[in-house]
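**Q** First the structure, then my questions, so here it is.
FYI, it's all coordinate maths here, none of it is from the lab. Keep in mind that this is a model prediction, so the values were computed, not measured. Note that we place each Cβ from the backbone using ideal geometry, even for glycine, and neighbour counts take in every protein chain shown.
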Amino acid sequence: MRQEIAPRVLSVRIVDITTLDVDAIVNAANEHLAPGGGVCGAIHRAAGPELAAACATLGRCPTGEARITPGFRLPARFVIHAVGPVWKGGGAGEPALLASAYRCSLRLAASEGLQSIAFPAISTGIFGYPLDAATRVAVAAVRSELEAASSVSRVVFACFGDEVLKAYRREGID
């Protein structure tokens, strides 16, 4: 279930992202970095109330950007809060904003010297981004960013179900 990119490994699994023992997990966040539903709510619940308090000190995070906090009660040392776009039909810059959210997350991880990171399928839940289009952007952005020098050597695409897993596999991730 792995694909080598130089010394880097990209993999996909059906797993609860909050249980992963990686350096950082990525939260599919909203611009206010507030607890929400879906993966965002699950991460906040698992990390404890300290996560919401830490996010409150960061202020707003624009779409396409990311911020980092400690992981608190999670196995992951850090949570990277990436704000993907709300789907508006594809003509409002959504692909560039989504790619930017992935790239910013990887750059934050590298700035901390992290080696492993796990991503959910950013923007595919309540933000309505079509799954196949989102996974295509995600995989291309991650591959492109990892071509640069980076401490990140392991990326896990954490899926909440079989449909998402299959979408990543269609993009060549095992």
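**Q** Remind me, relative contact order of the chain in percent, using alpha carbon pairs under 8 angstrom and six or more residues apart?
**A** 31
**Q** Roughly speaking, what is the stretch gain from Arg169 to Arg13, that is 0.36 nm per residue apart minus the C-alpha to C-alpha distance, in nm to one decimal?
**A** 55.2 nm
**Q** Go through the range 145-156 residue by residue and turn each phi into a ³J(HN,Hα) via Karplus (6.51, -1.76, 1.60, θ = phi - 60°); whole Hz please, and just put x for glycine and proline.
**A** Karplus values, whole Hz, x for Gly and Pro: 5, 6, 5, 6, 4, 7, 6, 6, 10, 9, 10, 10.
**Q** Also: Report, in debye and to the nearest 20, how large the dipole of the range 2-170 comes out about its Cα centre when Lys and Arg carry +1 and Asp and Glu carry -1 on their Cβ.
**A** It works out to roughly 160 debye.
**Q** Post the alpha-carbon centroid distance, the range 111-138 to the range 9-76, in whole angstrom.
**A** One Cα centre to the other: 12 Å.
**Q** Do the sum for the chain: with -39,500 (n - 2.57) for every DSSP H run of n ≥ 4, divided by all residues, what is the mean residue ellipticity at 222 nm, to the nearest 500 deg cm²/dmol?
**A** -11000 deg cm²/dmol, from helical runs alone.
**Q** Now a separate question. Could you give me D for the range 117-159, from Stokes-Einstein at 25 °C and 0.890 mPa s, where the hydrodynamic radius is the Kirkwood radius over C-alpha pairs? Units µm² s⁻¹, please.
**A** Working: Rh = 11.2 Å.
Rounded, D is 220 µm²/s.
**Q** List the residues, sorted by chain then number, that are 5 or more residues from Asn27 or on another chain and whose placed amide H is less than 5 Å from its amide H.
**A** Ile80, His81, Ala82
**Q** Return the long-range amide H neighbours of Gly71 (sequence gap of 5 or more, or a different chain), with a cut-off of under 5 Å between placed amide H atoms.
**A** When sequence neighbours closer than 5 places are left aside, the close amide H contacts are Phe78, Val79.
**Q** Sorted by packing (mean other beta-carbon atoms within 10 Å per residue), highest first, where do 74-86, 107-119 land?
**A** Going from most to least packed, we get 74-86, 107-119.
**Q** For the range 34-99, just say rounded, prolate or oblate: build the C-alpha gyration tensor, square-root its eigenvalues into a ≥ b ≥ c, call rounded for a/c under 1.5, and beyond that prolate if a/b exceeds b/c, oblate if not.
**A** Working: a/c = 2.39, a/b = 2.09, b/c = 1.15.
In terms of gyration-tensor shape, prolate.
**Q** Which option, (1) 10.4; (2) 13.4; (3) 8.6, is the value of mean projected area of the Cα convex hull in nm² that was calculated from these coordinates?
**A** Comparing each candidate, only (3) matches the computed number.
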